[in-house]
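Working notes for the structure below.
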Amino acid sequence: MTTLSAEREIEHLMTLHPKGFDLSLDRVTRLLERLGNPQDRLPPVIHIAGTNGKGSCAAFSRALLEAAGHLVHVHTSPHLVNWHERYRLAAEGGGKLVDDDVFAEAIARVAKANAGQTITVFEILTAVTFILFSEHPAEAAIIEVGLGGRFDATNVIKRPAVSVIMPISMDHEAYLGDRVELIAAEKAGIMKRGCPVVISAQESETALQVLIETAERLDCPTVVYSQDFLAFEENGRMVYQDEDGLMDLPLPRLPGRHQYANAAAAIAAVKVAGFEIGHRAAERAMTHVAWPARMQKLTQGKLVDLAPKGAEIWLDGGHNPGAGIVIAEALAEQEEKNPRPLVLISGMINTKDQTGYFSAFKGLARHVYTVPVTNSEAGVPNDELALRAEEAGLSAEPVSSVANALMLLRDSWDGPAPRILIGGSLYFAGAVLAENGTPPT
């Protein structure tokens, strides 16, 4: 496979600068000043933080705005297969992933402006976001936070059209704190004085309280899920409700009940940001929204061909206990509609609560195959991951690869065609999409 120019630029940066996160805004602020502060020349920004659901909210927001005929830039992270996935530039008929030459030129320009100063690669790539989004015309920019909020490199946007806080749970404790209220305080750091805030469904009352108190202290006009807006299923449809009334919509194309709240947060955010979304546009958005590796059904590809005949294969990059719960609920819903034995093929990294993730599947999954995550140095060895799954009360065995797991299943399976969930890490999900020959577009 040909190495793309932008990828070569990034690989060079990786050799120059430390890996990982160094949460502070000083370096990125200094770099952006040298670049003429492109972050101050963006179209209205929808800025999204949270532990789970950020990417889904970004996908719904994009689908809503594009269905209403708006030109939209989207920044998400991490990517699954190619770095280009992080930058979707506005285009007539729907945004497109950044062209390689445009991306490579922007990286080179930002690296030159940095002039060898100490910085992280994520900060350079965030500056690239602002360069690209300020130099290409659009009517809105959707920007997902990388990690946390308060000190995330994206948090240099002075006046967002709306700050959105998605569900908060335990994750990245080493960086963000070991209590949910500390994590909530970090995420709330994207709120700006007097700028509107949308707070999505929160499982923790403590987190919700921190978010509301922060918004009040900063005089932010605030809309809160279940208080000012909500969504629910009725007669096989999704009903969205806020102070303007009801919208009777198709169920979102993204599976799982948790997506109702994610869709609702996006509708609220887009409206609060000042965009008119008519009923027809909202309907189209629900049926066209796409977000790879989030309960994505794999129907073709090299790996799919290795599975037992008639198997149903789902891919999800969720990687913490909160994500485990919503994925397990989505699969339980599938089980109600169409019963099949569930088998997990899981790979995880060592910064996540593996046992907590697996616990959500107790009583639901028949067996777990654990595999190494080969594209991350932080991958948990497959034998160790099998022990974590067993600690959660699941039957588990380590195997060398996803392909091996699927062939083992195919050769030994006896009974109704299984439902297979491949997941446990976004790195892992990205490797699966690459191996299957179905990268995001």
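Where a number appears in this text, it was derived from the coordinates with a stated rule and is not lab data. This is a predicted model, so every value here is computed, not measured. Methodologically, a virtual Cβ is constructed for each residue, glycine included, from the backbone with ideal geometry; neighbour enumeration extends over all protein chains shown.
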### Query
So who's got an amide H within less than 5 Å of the one on Ile313, skipping anything under 5 residues away but keeping other chains? H placed 1.01 Å off N, in plane.
Leu298, Ile420
### Task
Tabulate in residue order the Karplus-calculated ³J(HN,Hα) for the range 266-278, using 6.51 cos²θ - 1.76 cosθ + 1.60 with θ = phi - 60°, rounded to whole Hz; enter x for Gly and Pro.
5, 4, 4, 4, 5, 5, 4, 6, x, 9, 7, 10, x
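Can you give the calculated 222 nm mean residue ellipticity of the chain, where each DSSP H run of n ≥ 4 adds -39,500 (n - 2.57) and the sum is split over every residue, rounded to the nearest 500 deg cm²/dmol?
Working: 15 runs with 170 residues, N = 441.
That comes out to -12000 deg cm²/dmol.
Could you rank the peptides 55-64, 137-146, 227-236, 363-372 by their average count of other C-beta atoms within 10 Å per residue, with the highest value first?
Values: 55-64: 27.6, 137-146: 23.0, 227-236: 13.9, 363-372: 20.9.
Per-residue Cβ counts within 10 Å, averaged per peptide and sorted highest first, yield 55-64, 137-146, 363-372, 227-236.
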#### Entry: Global geometry of the range 297-368, whether rounded, prolate or oblate, following the gyration tensor of its Cα atoms and the 1.5 cut on a/c
oblate
### Query
What are the residues whose amide H is under 5 Å from the amide H of Met348, where those residues sit 5 or more places off or on another chain and H is modelled from the backbone?
Val373, Val380
### Query
What is the Cα centroid distance between the range 334-362 and the range 254-291, reported in whole angstrom?
27 Å
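Compute the length gained on full extension between Glu283 and Asp26: take 0.36 nm times their separation in residues and subtract their Cα-Cα distance, giving the result in nm to one decimal. Kindly include the intermediate steps, with their values, before the conclusion.
On the way: separation 257, 0.36 × 257 = 92.52 nm, distance 4.28 nm.
That pair, Glu283 and Asp26, stretches by 88.2 nm at full extension.
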### In Hz, Karplus ³J(HN,Hα) per residue of the range 45-52 (6.51, -1.76, 1.60; θ = phi - 60°; x = Gly, Pro)
9, 9, 9, 10, 10, x, 7, 10
### Message
Let me make sure I get this right: for the range 312-441, a, b and c are the square roots of the gyration tensor eigenvalues over alpha carbons, sorted descending. Under 1.5 in a/c it's rounded, otherwise prolate if a/b > b/c, else oblate. Which is it?
### Response
rounded
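Considering only Cα-Cα distances, which of the following residue pairs are longer than 24 Å: Lys158/Lys271; Lys112/Lys187; Lys297/Lys362; Lys192/Lys271; Lys192/Lys352?
Numbers: Lys158/Lys271 20 Å; Lys112/Lys187 31 Å; Lys297/Lys362 22 Å; Lys192/Lys271 18 Å; Lys192/Lys352 30 Å.
Going by Cα-Cα distance, Lys112/Lys187; Lys192/Lys352 fall outside the 24 Å limit.
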### Message
Just to confirm the filter: which trypsin sites (Lys or Arg not before Pro) across the range 322-363 are DSSP coil and have at most 16 other Cβ within 10 angstrom of their Cβ?
### Response
Lys362
### Message
Report the gain in length on full extension from Thr206 to Ala108: 0.36 nm times residue separation, minus Cα-Cα distance, nm rounded to one decimal.
### Response
30.9 nm
### Query
On average, how much area does the Cα convex hull of the chain cover when viewed from any direction, in nm²?
20.0 nm²
### Summary
Amide H neighbours of Ile142 at under 5 Å, excluding residues fewer than 5 places away on the same chain, with H built from the backbone geometry, are Ile46, His73, Val74, His75
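What do you get for GluC sites (Glu not before Pro) in the range 334-417 restricted to DSSP loop and a cutoff of at most 12 other Cβ within 10 Å of the site's Cβ? The partial results should precede the final answer.
Numbers: sites: Glu335, Glu336, Glu377, Glu384, Glu390, Glu391; in loops: Glu377.
Here the sparse-neighbourhood loop sites are Glu377.
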